[in-house]
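Asks: First, the structure itself, so that you have it in front of you.
Coordinate-derived values only; no laboratory data. Here the structure is a predicted model, which is why all the values come from computation and not from measurement. Glycine gets a Cβ as well: all are built from the backbone with ideal geometry, and neighbour counts include every protein chain shown.
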Amino acid sequence: MEQLLSGYRNFRETIWPDRRAAYEGLAAHGQAPLAMVIACSDSRLDPAMIFGAPPGGLFVVRNVANLVPPYQPDAAYHGTSAALEFGVRSLQVPDIVVMGHALCGGVHTLLHGTTVDTLDFVGAWMGIATRARARAEVRSDDADALRLACEHETVVVSLENLMTFPWIAERVTSGSLRLHGAFYQISTGVLEILQPDGSFAAVA
């Protein structure tokens, strides 16, 4: 905790003064983010840092394996769906980016099964991506290639599930909302974008 507080003190002393006007403006006028990003909770990637976004630039929701569940309004707890509703219907973001990443622990669980540490929630959560695993297994049986294919497919599955939300599908159809897939390579810092043909290509 002390390391975190030390980082905060550095923020107040060296970063806050330069960004004070921006934060005060956001407090006074509210947020109008450029995009919503659905990313993994993995500590090795930071969407705001990767995209060079200023304060207030991104509305970010993070969960295990950057998954979007299908539209299912009921009495259960739906953190990701609630964030989508707020981002799309209240903030009216013009773009949603689903960003997967290499070496995803959630995908490892999907491919290799739960352990004693992931029995309560992670295993069931990764059930959202069952069809991602099925598609990946058709493409490759090599361990590394299978993992990468499955990581890519979780992005595709989440994009498909986004379209099950009626107020997302309506906006996509009207052209007021655009959906994008992205993939981040942790070891190289390379960002890839999902192409119309289903492949991922590095940003030039």
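Asks: At 222 nm, what helix-only mean residue ellipticity would the chain give, in deg cm²/dmol to the nearest 500, using -39500 (n - 2.57) for each DSSP H run of four or more?
Replies: On the way: 9 runs with 86 residues, N = 204.
Calculated mean residue ellipticity at 222 nm is -12000 deg cm²/dmol.
Asks: Measure of size requested: the Rg and Dmax of region 1-76, with Cα atoms as the atom set and Å as the unit; please supply both.
Replies: For region 1-76, the Cα radius of gyration and maximum Cα-Cα distance read 15.8, 46 Å.
Asks: Residue separation times 0.36 nm, minus the C-alpha to C-alpha distance between A75 and R178: what's the value?
Replies: Details: separation 103, 0.36 × 103 = 37.08 nm, distance 2.89 nm.
Extra length from A75 to R178 when fully extended: 34.2 nm.
Asks: Here's a follow-up. Working from the pairwise distances between different alpha carbons, so that the mean of 1/r is found and then inverted, what is the chain's Kirkwood radius in Å?
Replies: Details: mean 1/r = 0.0546 Å⁻¹.
Every distinct Cα pair counted, the radius reaches 18.3 Å.
Asks: If you wrap a convex hull around the C-alpha atoms of region 81-195 and split its volume per residue, what is the figure in Å³? All intermediate terms of the calculation are to be shown ahead of the outcome.
Replies: Numbers: hull volume 14.4 nm³, N = 115.
Each residue corresponds to 125 Å³ of Cα convex hull volume.
Asks: A follow-up question, please. Answer rounded, prolate or oblate for region 156-197, using the Cα gyration tensor with square roots of eigenvalues a ≥ b ≥ c: rounded when a/c is under 1.5, else prolate when a/b is larger than b/c, else oblate.
Replies: Working: a/c = 3.07, a/b = 2.42, b/c = 1.27.
Prolate, because a/c is 1.5 or more and a/b exceeds b/c.
Asks: Of the peptides 184-197, 106-119, 155-168, how do they stack up when ordered by the mean number of other Cβ atoms within 10 Å, highest first? Don't jump to the answer; show the numbers that get you there.
Replies: Details: 184-197: 13.1, 106-119: 16.3, 155-168: 18.9.
Averaged packing, sorted descending, gives the order 155-168, 106-119, 184-197.
Asks: Taking R0 as 22 Å, what's the FRET efficiency between V190 and D46 from their Cβ-Cβ distance, rounded to 0.05?
Replies: On the way: r = 15 Å, r/R0 = 0.70.
The calculated FRET efficiency here is 0.90.
Asks: So what's region 38-126 giving for Cα Rg divided by 2.2 N^0.38 Å, two decimals? Before the final figure, lay out the partial values.
Replies: On the way: Rg = 14.3 Å, N = 89, 2.2 N^0.38 = 12.1 Å.
Dividing the Cα radius of gyration by 2.2 N^0.38 Å gives 1.18.
Asks: Zone of Q92 (label point 7 Å along Cα→Cβ, backbone N under 18 Å): which residues in region 172-196?
Replies: 172-179
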